[in-house]
Amino acid sequence: MTASGLDETTVRVDLAERSYDIIIGENLLAQAGRHLASVLARPRVAIITDSTVAALHLTQLQESLDAAGIQNDVIIIPAGEGSKNFTQLQAVLDQLLELRIERRDTIVALGGGVVGDLAGFAAAILRRGVDFIQIPTTLLSQVDSSVGGKTAVNVSQGKNLVGAFYQPRLVLADVSALSTLPERELRAGYGEVVKYGLIDDFAFFEWLEGNGPHMLDGVPSALAHAVAVSCRSKAAIVARDERESGDRALLNLGHTFAHALEAEAGYDGRLLHGEAVAIGLDMAFTLSSQLGLCPSQDSARVRRHLERMGLPVSASQMGLGTLTADVMLGHMRQDKKVSQGQLTFILAKGIGQSFITNDVSEDAVKEMLQAALQTKPASTRS
Ligand code: GLY
């Protein structure tokens, strides 16, 4: 039991000798020392965090580590996607080496996706690999980026194009940390939560239709349930396809479109990743229904839910009103899932019935994009 009475949930990511637990609950930062002690090779860690998260959560984490006798140093990077680059990676590696972080020490990533991806990549290459632990503090990182071992930095050619698969030793998802998250970020993180219902879990989608608003109200039990279901779903997919040679691509439902929108918007906070994912999910279902694969009632239901949750469903809502289908397709061709010039799509036969295909004509995609990029959401149509 946690201090406020919500039970902790443990989700196991089964990857043979790289297996690890995701612990989900309330007030876990205050108990981090106890949880970390059980997996550390020796009681010494370097915490990597950003300036925003440090002000909110670092003291609590350090007090807990101190109480458990775990020596801890801190590296603070500037907050924001702009930090996920080679310059910042080099600066972090320099500091880790100056701190003499050794093979048996552990790097702790405290923060959202940027911190987790950068710290994870640093851990993967420092001294050819040191252990690392994820303590995600955003909804998006708790349900997606902290789990499954994808680490990366962005380069001028695109997002996450240089990185490594490198699994953490433990993930601590403290839903109490979400109470300090700006409302827009919580909502954006929801875009990744709803994805799991759409991939293969219709019952979860129905639960979200009823309980999504409670999550945005910050109800801990609703948040903990959604994080646990999302992590269980992701853990199962990662366990059967760690390096994305097959099923793991399902986790990219909506993401080929989302990454193209983000590339166009830039990474300055105008369009958050989860907002781009929401628009991408809507596009994936629209395309599926236009191709006659998915009932139009299902794509309409997905759009209704996203709109009800206050998520964008069109690029024009996010200031991308002049984006054309050709420009969007140009960005999509840089996607990591492009194989021999062929784009891979995650489409759906219905809610909870997604599948991977290379068999989509570019003309059909272009037609969908041309309509979608002109379409205003129902709420703003005159
Ligand atoms: N975020 C998608 C994946 O981890 O595979």
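Data for the structure
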read-out: For the chain, the Rg and Dmax computed from alpha carbons only, in angstrom; value: 20.2, 63
read-out: In degrees, nearest ten, helix 86-98 long axis to first principal axis of the chain (Cα); value: 10
read-out: Whole-Å distance, taken between Cα centres, linking the stretch 255-331 and the stretch 200-232; value: 21
read-out: Normalised contact order of the chain, rounded percent, pairs of Cα under 8 Å and 6 or more residues apart; value: 15
read-out: Share, in percent, of DSSP beta bridges within the chain that are antiparallel, nearest 5; value: 40
read-out: Distance between the stretch 66-137 and the stretch 346-361 - C-alpha centres, whole angstrom; value: 37
read-out: Rg/Rh (Cα only; Kirkwood hydrodynamic radius) as it applies to the stretch 177-296; value: 0.97
read-out: Accessible surface, the stretch 69-196, averaged per residue in Å² (probe 1.4 Å); value: 34
read-out: Principal-axis tilt of helix 113-125 within the chain, Cα atoms, nearest 10 degrees; value: 60
read-out: Range in the chain, longest, excluding exposed trypsin sites (Lys or Arg not before Pro) [loop by DSSP; at most 15 other beta-carbon atoms within 10 Å]; value: 105-242
read-out: Whole-percent carbon and sulfur share, accessible surface of the stretch 117-229, 1.4 Å; value: 51
read-out: Sequence of THR256, THR180 when ordered by accessible area, the most exposed leading, probe 1.4 angstrom; value: THR180, THR256
read-out: Accessible area of PHE202 in the full protein assembly, 1.4 Å probe (Å², nearest 10); value: 80
read-out: Translational diffusion coefficient (Stokes-Einstein; Kirkwood radius from C-alpha pairs) of the stretch 22-90 at 37 °C, 0.692 mPa s, in µm²/s; value: 250
read-out: Rounded to 10°, Cα long-axis angle of helix 362-374 versus longest principal axis of the chain; value: 90
read-out: The chain: calculated mean residue ellipticity at 222 nm from DSSP helix runs of at least 4, using -39500 (n - 2.57); value: -13000 deg cm²/dmol
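The values are calculated or read from the model by the stated rules, or taken from the named source; none is laboratory data. For clarity, every value in this text was computed on a predicted model and none was experimentally measured. Every residue, glycine as well, gets a Cβ built from its backbone with ideal geometry; the counts of neighbours run over all protein chains shown. Calculation scope for accessible area: heavy atoms of the full protein, side chains included, ligands and nucleic acids excluded. Shrake-Rupley method; radii C 1.70, N 1.55, O 1.52, S 1.80 Å.
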